[in-house]
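Working notes, beginning with the structure itself.
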Amino acid sequence: MKRRSLVSVLHGLVIGLGFAAMIGGFVVIALNYRPYRVPTDSMSPTVLSGDTVLARTVNGGAVGRGDIVIFRDPQWGDQTMVKRVVAVGGDTVACCDSKLRLLVNGKPIDEPYVETSAMPGADFKTIVPVGRLFLLGDFRANSLDSRAHLDVASGTVPATDVTARVEATVWPYARFAVTKRTVAFDGLGAPLAARPGPVGPAMYAMAGGAGVVVLASAAGGIVSLARRLGRRSG
């Protein structure tokens, strides 16, 4: 009898821990992140049209070069958009060097995440005003970004327009991935691209906790069935 009681206690403890992990992960996500469905392929191949991403709520002063951000600006159609920050206030950004790479403060930037290594379109050179950001899509040949708005504030948007930073792709499930921090702009100094927050551990806690609950519940059902069958055969 005592053995059965101990097994029941352990079983309940495992299920409780699973629920705690699942709920804890959910709370972390709910408090820090918002889902956003990507409407176009302008950030391909990093995120694709139809992907659902989780974006951590931040203000524009907390983002750095290389961060993927969610923003909304009246000059860009007043629609919620997702682009990559490539230059911040005080930077000089230009296109391009002999290998058609983006230049920031005269330094060519190797960007392994872009659709192609070349920068299509006309050459440009501009200084980013203080408090503003220069934003490009990773699919440079298919992105209406700062290059298309050079006649308005040098193609920049106020940093205050940024509402969140993309830190994970969560749907479709096959594309689940925590966004990797790029080091492409590290040679320029601060502000650097941010490391992802707690989204990865929280997602794994949710999934792991749910798995533990399901497996523990199934195991408990099998044990109960075995006991009943044992009593009948006895």
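Can you pull out the residues in segment 39-51 that are of a type in the set (Val, Ile, Thr) and open to solvent by 30 Å² or more (accessible area, probe 1.4 Å)?
Matches in segment 39-51: 40, 46.
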What number of residues within segment 104-124 are closer than 24 Å to residue 180 by Cα and either free of Cβ contacts under 8 Å to residues at least 24 places away in the same chain or of a type in the set (D, E, K, R) (or both)? 7
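Please specify each residue of segment 131-147 satisfying the condition of being of a type in the set (A, V, I, L, M) and at pLDDT 95 or above.
Initially, segment 131-147 is screened for residues of a type in the set (A, V, I, L, M), giving 133, 135-136, 141, 144.
Answer for segment 131-147, where residues must be of a type in the set (A, V, I, L, M) and at pLDDT 95 or above: 133, 135, 136.
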Which of (1) among the aliphatic types (A, V, I, L, M); (2) without any contact (Cβ under 8 Å) to a residue 24 or more places away in the chain; (3) open to solvent by 60 Å² or more (accessible area, probe 1.4 Å) does residue 127 not meet, given it meets every other one? (2)
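Could you tell me which of the residues 80, 92 is of a type in the set (Val, Ile, Thr), surrounded by fewer than 17 Cβ atoms within 10 Å (Cβ to Cβ) and at pLDDT below 95? Explain how you work it out, then say what you get.
Values: 92 fails: at pLDDT below 95.
Answer to the check: 80.
Residue-by-condition table, conditions (1) touching a Lys or Arg at 6+ places or on another chain (Cβ under 7 Å); (2) outside any strand (DSSP E or B); (3) closer than 23 Å to residue 180 by Cβ:
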position	(1), (2), (3)
54	no, no, yes
64	no, yes, yes
69	yes, no, yes
78	yes, yes, no
82	no, no, yes
87	yes, no, yes
90	no, yes, no
93	no, no, yes
Per the filter on segment 16-38, residues of a type in the set (Phe, Trp, Tyr), closer than 14 Å to residue 170 by Cβ and open to solvent by less than 100 Å² (accessible area, probe 1.4 Å) are 33, 36
Take segment 154-191 and flag every residue that is buried (at least 22 other Cβ atoms within 10 Å of the Cβ), among the β-branched types (Val, Ile, Thr) and under 15 Å from the mean Cα position of the chain (by Cα). 162, 166, 179
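Return the residues of segment 195-207 that are in a helix (DSSP H, G or I) and open to solvent by 40 Å² or more (accessible area, probe 1.4 Å); say none if nothing qualifies. Give the derivation first.
Step one: filter segment 195-207 for residues in a helix (DSSP H, G or I), giving 199-207.
Listed by number, the residues that qualify are 201, 203, 204, 206, 207.
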List pairs: first in segment 28-39 and free of Cβ contacts under 8 Å to residues at least 60 places away in the same chain, second assigned to a strand (DSSP E or B) and not aliphatic (A, V, I, L, M), Cβ under 8 Å, 6+ apart or cross-chain? 37/52; 38/52
Residues in segment 130-153 that are surrounded by 18 or more Cβ atoms within 10 Å (Cβ to Cβ) and among the polar types (S, T, N, Q) total 2
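The values are calculated or read from the model by the stated rules, or taken from the named source; none is laboratory data. Here the structure is a predicted model, which is why all the values come from computation and not from measurement. Counting neighbours? That spans all protein chains shown, and the Cβs are built from the backbone with ideal geometry, glycine included. The accessibility values were calculated without ligands, DNA or RNA, using every heavy atom of the protein model including side chains. Shrake-Rupley method; radii C 1.70, N 1.55, O 1.52, S 1.80 Å.
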